[in-house]
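A.B. asks: Here you go, one structure.
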Amino acid sequence: MFLDNGDSAEFYPLNALKKVQELHFGVRTIAKQWQEVLRDNPQIQIHSRLLPTQDNVSDVLGLMDGDGWTRHGELVAMRGNEAVNLKELPDDALWLKDAAHLFELCGVGLAEDLSRLQLAWRLRALQENEREAWQAQGVQIHGPMSSVWLAPGAVLRDVSLNTEEGPVVVGPDAEIMEGCRVRGPFALGDGSQLRMGTLVYGATTVGQGCKMGGELSNVVVHDWSNKAHGGFLGNAVLGSWCNLGAETTCSNLKNTYGVIAEWSEGSQSFESKGRQFCGLLMGDHSKTAIHTAFSTATVVGVMANVFGDQTPPRHVQSFQWGVDGTARIDLDKGLEVARKVMARRKRNMSADEEHAIRALFLR
């Protein structure tokens with residue numbers, strides 16, 4: 001289905017163990033959304049960075065046999081075995097730029113996927129005539145009731161939801177606990193939890209099997225990651241199987257209010273990309289100690305263990321052990337911990353996953 005291998009350095013550290021199409025556009029992966037759209041059109045292939053918006057989907061489905069799109073000379077969409085009628089990608093086609101673009105497009109991704117989510121998660125929109133009944137259960141909804149979407153097994157208890165700026169979507173068997181205050185756009189994935197008293201500012205999406213607490217503002221959390229306690233996370237993206245210790249906090253804005261220099265894996269240096277807001281970008285299986293404080297636009301690689309007396313550097317390399325030196329983790333012990341973490345969620349590390357981690361360690 002995908003024309004590229006999804007390994008662009010612009011998406012480090014999130015695609016160090018994933019492909020770009022496995023990253024979340026909203027609350028679900030780019031791949032999952034395209035798979036649903038193209039189920040009856042297996043002859044169509046697309047680039048992993050071409051996003052499944054309604055406009056892009058309509059244009060892609062309109063390709064005739066032999067048609068193709070290019071972007072700066074690279075083939076990004078085609079129907080059939082060979083693209084002979086080539087055109088430049090439409091100017092208005094939404095294209096994923098880099099890792100931080102995921103949180104910037106979080107609300108767009110949720111909105112574009114909502115009609116598909118209604119089917120995939122069997123969502124039900126609340127009705128205006130239910131408002132008083134929900135209020136009697138302690139659920140206060142500010143804004144349209146019809147913008148609250150609940151899947152089977154979803155639980156709300158004594159919470160405040162604001163749908164004036166976007167929907168609040170609660171997935172299958174997901175729970176928003178007592179005292180939470182949530183402003184949409186927001187989506188909580190299958191079996192995930194917002195712990196008691198969590199504050200959420202949209203656009204924010206939380207994937208499957210996550211536990212979130214503290215304060216979140218414009219965050220994309222991939223499946224099976226935890227930030228279960230206090231602390232602020234804003235304009236950020238977490239990979240899978242991350243765990244942030246209690247009161248871990250990241251800065252998302254410089255004290256000067258200036259443009260942020262962001263880590264570039266391609267050039268191995270910090271470069272300006274024109275952003276004023278950028279928080280934490282963290283790769284899969286990384287963890288922090290309690291009270292960890294990250295500087296603006298910090299990038300943490302894969303399976304890093306962030307602890308120590310110093311403020312973490314703005315680029316914590318993959319497999320780093322602590323922040324006070326250059327020590328790396330013992331890989332076998334790191335894999336053992338990862339297996340334990342996954343087993344708690346009734347998941348097993350596959351041979352392919354272990355091989356990818358070992359290969360990355362040896363680079």
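A.B. asks: Among the residues of segment 1-31, how many are among the acidic types (Asp, Glu), assigned to a loop (DSSP other than H, G, I, E, B) and under 16 Å from Gly301 (Cβ atoms)?
C.D. replies: Within segment 1-31, the subset among the acidic types (Asp, Glu) is 4, 7, 10, 22.
Within this subset, residues satisfying the condition of being assigned to a loop (DSSP other than H, G, I, E, B) are 4, 7.
Keeping just the survivors that are under 16 Å from Gly301 (Cβ atoms) gives 7.
Summing the residues that are among the acidic types (Asp, Glu), assigned to a loop (DSSP other than H, G, I, E, B) and under 16 Å from Gly301 (Cβ atoms) in segment 1-31 gives 1.
A.B. asks: Among the listed residues Phe294, Phe319, which satisfies the condition of being aromatic (Phe, Trp, Tyr) and out of contact with any Lys or Arg (no Cβ under 7 Å at 6 or more places or on another chain)?
C.D. replies: Numbers: Phe319 fails: out of contact with any Lys or Arg (no Cβ under 7 Å at 6 or more places or on another chain).
Result of the check over Phe294, Phe319: Phe294.
A.B. asks: Another one. Arg39 - would you say it is without any contact (Cβ under 8 Å) to a residue 12 or more places away in the chain, within 28 Å of Cys210 (Cβ to Cβ) and not assigned by TED's automatic domain parsing to the domain that holds Ala297?
C.D. replies: On the way: without any contact (Cβ under 8 Å) to a residue 12 or more places away in the chain: yes; within 28 Å of Cys210 (Cβ to Cβ): yes; not assigned by TED's automatic domain parsing to the domain that holds Ala297: yes.
Yes; evaluated as a whole, the condition is true for this residue.
A.B. asks: Okay, next question. Out of contact with any Asp or Glu (no Cβ under 7 Å at 6 or more places or on another chain) and within 19 Å of Gly171 (Cβ to Cβ): does that describe Lys227? I'd like the intermediate steps shown before the answer.
C.D. replies: Numbers: out of contact with any Asp or Glu (no Cβ under 7 Å at 6 or more places or on another chain): yes; within 19 Å of Gly171 (Cβ to Cβ): yes.
Criteria met by Lys227.
A.B. asks: Oh, and also: In segment 231-287, which residues are among the aliphatic types (A, V, I, L, M) and over 28 Å from Met342 (Cβ atoms)? Walk me through it before giving the result.
C.D. replies: At the first step, the residues of segment 231-287 found to be among the aliphatic types (A, V, I, L, M) are 233, 236-238, 244, 246, 253, 259-261, 280-282.
Answer for segment 231-287, where residues must be among the aliphatic types (A, V, I, L, M) and over 28 Å from Met342 (Cβ atoms): Leu253, Val259, Ile260, Ala261.
A.B. asks: Now, a different point. Given segment 229-274, what strands (runs of 3 or more DSSP E) lie entirely inside it while holding 3 or more residues that are touching a helix residue (DSSP H, G or I) at 6+ places or on another chain (Cβ under 9 Å), touching a residue at least 12 places away in the same chain (Cβ under 8 Å) and not hydroxyl-bearing (Ser, Thr, Tyr)?
C.D. replies: On the way: elements: 232-238, 261-264, 269-272.
Answer list for segment 229-274: 232-238.
A.B. asks: Something else now. Which residues, counting only those in segment 275-291, are in a loop (DSSP other than H, G, I, E, B) and either surrounded by fewer than 24 Cβ atoms within 10 Å (Cβ to Cβ) or aliphatic (A, V, I, L, M) (or both)? Lay out the reasoning, then the answer.
C.D. replies: Pass one, segment 275-291, residues in a loop (DSSP other than H, G, I, E, B): 275-276, 278-280, 283-286, 289-291.
The answer is Arg275, Gln276, Leu280, Ala289, Ile290, His291.
A.B. asks: Here's something else I'd like to know. How many residues are closer than 30 Å to Gln193 by Cβ, in contact (Cβ under 8 Å) with a residue 12 or more places away in the chain, under 22 Å from the mean Cα position of the chain (by Cα) and not in a helix (DSSP H, G or I) when one looks only at segment 312-355?
C.D. replies: Final tally of qualifying residues: 6.
A.B. asks: Output the residues belonging to segment 174-221 that are part of a loop (DSSP other than H, G, I, E, B), touching a strand residue (DSSP E or B) at 6+ places or on another chain (Cβ under 8 Å) and surrounded by fewer than 21 Cβ atoms within 10 Å (Cβ to Cβ).
C.D. replies: Met177, Arg195, listed by residue number.
A.B. asks: Find the residue count for segment 314-338, including only residues that are surrounded by 15 or more Cβ atoms within 10 Å (Cβ to Cβ) and of a type in the set (Lys, Arg).
C.D. replies: Residues flagged as surrounded by 15 or more Cβ atoms within 10 Å (Cβ to Cβ) and of a type in the set (Lys, Arg) within segment 314-338 amount to 2.
The values are calculated or read from the model by the stated rules, or taken from the named source; none is laboratory data. Computed from a prediction, not measured in an experiment: that's the story for all the values here. All Cβ positions, glycine included, derive from the backbone under ideal geometry; neighbour counts span all protein chains shown.
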